[in-house]
1. Which condition number does Val16 fail, the rest of (1) surrounded by 10 or more Cβ atoms within 10 Å (Cβ to Cβ); (2) under 15 Å from the mean Cα position of the chain (by Cα); (3) part of a helix (DSSP H, G or I) being met?
2. Would you pick out the residues in the range 1-20 that are over 16 Å from Ser51 (Cα atoms) and either of a type outside the set (Asp, Glu) or in contact with a strand residue (DSSP E or B) (Cβ under 9 Å, 6 or more places away or on another chain) (or both)?
3. Could we say that Val44 is in contact with a helix residue (DSSP H, G or I) (Cβ under 9 Å, 6 or more places away or on another chain) and of a type in the set (Val, Ile, Thr) here?
4. Filter the range 35-66 for residues that are exposed (fewer than 12 other Cβ atoms within 10 Å of the Cβ) and either in a loop (DSSP other than H, G, I, E, B) or of a type in the set (S, T, N, Q) (or both) and give the result.
5. If you check Ala22 against the conditions, is it on the phi < 0 side of the Ramachandran plot, in contact (Cβ under 8 Å) with a residue 24 or more places away in the chain, surrounded by 10 or more Cβ atoms within 10 Å (Cβ to Cβ) and in a loop (DSSP other than H, G, I, E, B)?
6. If you check Ala6 against the conditions, is it modelled with pLDDT of 80 or more, in contact with a helix residue (DSSP H, G or I) (Cβ under 6 Å, 6 or more places away or on another chain) and of a type outside the set (S, T, N, Q)?
7. Looking at Phe5 and the list (1) surrounded by fewer than 10 Cβ atoms within 10 Å (Cβ to Cβ); (2) part of a helix (DSSP H, G or I), which single condition is not satisfied?
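The values are calculated or read from the model by the stated rules, or taken from the named source; none is laboratory data. All of these numbers come straight from a predicted model, not from anything done at the bench. Positions of Cβ are backbone-derived with ideal geometry, glycine not excepted, and every protein chain shown enters the neighbour counts.
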Amino acid sequence: GGDEFAVIMEDLEDPVRARQAAERLVETISQPVSIGGREIVIGVSVGIAWSPNGQDDGDSLLRDAD
């Protein structure tokens, strides 16, 4: 569906940094939000595709992350 997006991190030398960024993203998006007096919680999951040499095409990276 239309509920997917990608984050591209260039010049990332260590895959651990990608994992840390993904953890921060999940933590931030998962925080409850109050709208109209109701608490809304959004569920989120993250997939990571790593291309240390930068040779993979975008379609391959998106498929691998999913």
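1. (1)
2. Gly1, Gly2, Phe5, Gln20
3. The answer is yes for Val44.
4. Correct list: Gly36, Gly37, Val41, Ile42, Gly43, Ser45, Pro52, Asn53, Gly54, Gln55, Asp57, Asp66.
5. Working: on the phi < 0 side of the Ramachandran plot: yes; in contact (Cβ under 8 Å) with a residue 24 or more places away in the chain: yes; surrounded by 10 or more Cβ atoms within 10 Å (Cβ to Cβ): yes; in a loop (DSSP other than H, G, I, E, B): no.
Here the answer is no, as Ala22 does not meet what is asked.
6. For Ala6, the condition - modelled with pLDDT of 80 or more, in contact with a helix residue (DSSP H, G or I) (Cβ under 6 Å, 6 or more places away or on another chain) and of a type outside the set (S, T, N, Q) - is not met.
7. Only one criterion in (1) surrounded by fewer than 10 Cβ atoms within 10 Å (Cβ to Cβ); (2) part of a helix (DSSP H, G or I) is unmet by Phe5, namely (2).
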